[in-house]
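Notes follow the structure.
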Amino acid sequence: MRDLVLGIESSCDETAAAVVRAGREVLSSIVASQVDLHAPYGGVVPEIAGRSHLRAILPTVDRALAEAGVGLEDLAAIAVTARPGLIGSLLVGVGAAKGLAFARGLPLVAVDHIEAHAYAAVMEAGPDAYPNLTLVASGGHTALYEARSPIEITRIAQTRDDSAGEAFDKVAHLLGLPYPGGPSISRLAEQGDPAKVRFPRYRTRRGETDFSFSGLKTAVLYHLRGQDALAATPPPEAIQGRADVAASFQAAVVDALVAPTLELAQRRGLSIVAVVGGVASNRRLREAMAQGAAQRGIACLFPSPAYCTDNAAMIAGLGWPLFQAGRTSDWALDASAR
Ligand code: KG4
Ligand code: ZN
């Protein structure tokens with residue numbers, strides 16, 4: 001039986017392709033990053049992203065097949081991120097997947113990017129990792145999902161405003177650190193004191209779980225400017241204790257993610273928590289979540305860092321159970337930003 005799935009991912013600023021056997025065994029995972037193209041702007045520029053996906057997509061697919069040592073004729077299906085993301089970027093991946101699938105008469109499987117992030121933890125941990133509570137903390141999303149299986153996943157809480165990754169990116173910009181903000185803040189934070197500045201930890205009313213990060217971002221802004229609303233943000237070289245601000249900000253994000261997640265897992269009687277998405281590669285978050293979970297008798301799963309940030313192995317991986325469940329798409333498949 002054929003059990004190889006080619007995965008294609010182009011929802012944001014990484015062009016990625018991967019070949020995964022039976023949803024678990026990664027034969028290749030290629031990520032062509034556009035970070036250098038977007039860094040001068042301090043964030044992803046959709047027009048630039050779309051155009052560079054177009055240039056990179058077919059060479060990236062070729063590399064993934066070559067590295068796996070397989071051809072299109074060996075595949076069981078082609079899986080592609082169809083939502084959510086930047087529409088101009090998604091369309092490039094969906095167009096390429098449709099073209100290849102049509103040319104080879106292969107089934108086409110549409111994958112939800114968020115559900116694929118959630119699957120990344122299970123791809124490595126194995127099928128016993130259900131039911132679980134999955135925290136997706138990425139640049140585009142911060143939300144909690146109850147997952148019963150790779151394809152039965154329901155959102156139960158989310159951010160009211162910014163995502164955790166966005167907060168890292170915006171605060172990095174304030175601090176004069178390069179994009180993407182997560183890695184650059186966590187690097188600087190290693191030299192700082194996380195208890196130096198007490199930034200707010202947002203909590204909703206009792207019994208409700210939600211995240212919010214816009215207040216934290218504003219608190220960092222006022223910390224840098226002083227209380228004068230009309231004052232300008234100081235240039236990075238003039239910021240005193242930049243490493244302390246980075247460490248204190250990171251500690252606030254970590255607390256704001258860990259406590260609500262573990263409380264909700266306990267309330268719902270879920271004994272497994274998975275933490276996924278770009279922010280899940282943050283070392284402090286991994287440590288704090290693992291420690292808090294252990295104290296509550298909850299098992300904690302994280303994907304390897306390479307499968308936390310955007311990649312196509314998670315797309316090819318989730319493509320397999322979707323394909324097996326008969327969830328294939330016809331040629332009318334369209335990308336959707338939401
Ligand atoms: O999942 P991802 O690669 O793309 C989206 O689907 O959004 O997440 C990217 C986000 C960015 O905001 C980036 O700053 C953040 O993940 N990130 C991190 C770290 N590495 C990436 N945030 C905190 N600590 C990190 N080490
Ligand atoms: Zn992502």
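The values are calculated or read from the model by the stated rules, or taken from the named source; none is laboratory data. The structure displayed is predicted, hence computed values, not measured ones. When we count neighbours, we look across all protein chains shown, and the Cβ atoms used for this are built from the backbone with ideal geometry, even at glycine.
Only one entry of Ala337, Ala231, Ala332 meets the criterion of being away from ligand 1 (no atom under 12 Å from the Cβ), surrounded by fewer than 18 Cβ atoms within 10 Å (Cβ to Cβ), at pLDDT below 95 and under 23 Å from Leu175 (Cβ atoms), and that entry is Ala231. Is there a residue in the stretch 275-287 that is more than 10 Å from ligand 1 (Cβ to nearest atom), closer than 22 Å to Arg155 by Cβ and either in the same structural domain as Gly215 (by TED's automatic domain parsing) or surrounded by 22 or more Cβ atoms within 10 Å (Cβ to Cβ) (or both)? Yes, there is a match, as at least one residue in the stretch 275-287 is more than 10 Å from ligand 1 (Cβ to nearest atom), closer than 22 Å to Arg155 by Cβ and either in the same structural domain as Gly215 (by TED's automatic domain parsing) or surrounded by 22 or more Cβ atoms within 10 Å (Cβ to Cβ) (or both).
Only one entry of Glu124, Glu115, Glu152 meets the criterion of being charged (D, E, K, R) and within 16 Å of ligand 2 (Cβ to nearest atom), and that entry is Glu115.
A single entry from Pro236, Pro200 fulfils the requirement of being closer than 29 Å to Asp36 by Cα and not assigned by TED's automatic domain parsing to the domain that holds His38: Pro236. Can you pull out the residues in the stretch 309-329 that are within 16 Å of ligand 1 (Cβ to nearest atom) and either hydroxyl-bearing (Ser, Thr, Tyr) or under 16 Å from Leu133 (Cα atoms) (or both)? Answer for the stretch 309-329, where residues must be within 16 Å of ligand 1 (Cβ to nearest atom) and either hydroxyl-bearing (Ser, Thr, Tyr) or under 16 Å from Leu133 (Cα atoms) (or both): just Thr309. Considering every residue within the stretch 125-137, establish whether at least one is within 30 Å of Tyr222 (Cβ to Cβ), at pLDDT below 95, assigned by TED's automatic domain parsing to the domain that holds Ala232 and not basic (Lys, Arg). Checking the stretch 125-137: not a single residue is within 30 Å of Tyr222 (Cβ to Cβ), at pLDDT below 95, assigned by TED's automatic domain parsing to the domain that holds Ala232 and not basic (Lys, Arg). Any residue at all in the stretch 134-154 that is over 13 Å from the mean Cα position of the chain (by Cα) and either assigned to a helix (DSSP H, G or I) or within 9 Å of ligand 1 (Cβ to nearest atom) (or both)? No, there is no match, as no residue in the stretch 134-154 is over 13 Å from the mean Cα position of the chain (by Cα) and either assigned to a helix (DSSP H, G or I) or within 9 Å of ligand 1 (Cβ to nearest atom) (or both). From the list Leu188, Leu257, Leu224, the one residue that fits, being touching a helix residue (DSSP H, G or I) at 6+ places or on another chain (Cβ under 7 Å), modelled with pLDDT under 95 and crowded, with 18+ Cβ neighbours inside 10 Å, is Leu224.
One residue alone among Ala49, Ala76, Ala39 is touching a strand residue (DSSP E or B) at 6+ places or on another chain (Cβ under 8 Å) and of a type outside the set (D, E, K, R), and that residue is Ala76.
Pairs are defined by a Cβ separation below 9 Å, a sequence spacing of at least 6 or placement on different chains, a first member in the stretch 269-282 that is at positive phi, and a second member that is within 10 Å of ligand 2 (Cβ to nearest atom) and β-branched (Val, Ile, Thr); the pairs so defined are Gly277/Ile114; Gly277/Val136; Gly277/Thr309. Could you list, in sequence order, the residues of the stretch 69-92 that are out of contact with any Asp or Glu (no Cβ under 9 Å at 6 or more places or on another chain) and over 21 Å from His117 (Cβ atoms)? Answer for the stretch 69-92, where residues must be out of contact with any Asp or Glu (no Cβ under 9 Å at 6 or more places or on another chain) and over 21 Å from His117 (Cβ atoms): Gly69, Val70, Gly71, Leu72, Glu73, Asp74, Leu75.
For Ala293, state whether it is outside the structural domain of Ser149 (by TED's automatic domain parsing) and either more than 13 Å from ligand 1 (Cβ to nearest atom) or in a loop (DSSP other than H, G, I, E, B) (or both). Before the answer, list the steps.
Details: outside the structural domain of Ser149 (by TED's automatic domain parsing): no; either more than 13 Å from ligand 1 (Cβ to nearest atom) or in a loop (DSSP other than H, G, I, E, B) (or both): yes.
Considered against the rule, which asks whether it is outside the structural domain of Ser149 (by TED's automatic domain parsing) and either more than 13 Å from ligand 1 (Cβ to nearest atom) or in a loop (DSSP other than H, G, I, E, B) (or both), Ala293 comes out as no.
Scanning the stretch 1-34 for residues that are charged (D, E, K, R) and either in a loop (DSSP other than H, G, I, E, B) or crowded, with 18+ Cβ neighbours inside 10 Å (or both) returns Arg2, Asp3, Glu9, Asp13, Glu14, Arg21, Arg24.
On the basis of being under 16 Å from Thr15 (Cα atoms), within 14 Å of ligand 1 (Cβ to nearest atom) and not polar (S, T, N, Q), does Val111 make the cut? It is true that Val111 is under 16 Å from Thr15 (Cα atoms), within 14 Å of ligand 1 (Cβ to nearest atom) and not polar (S, T, N, Q).
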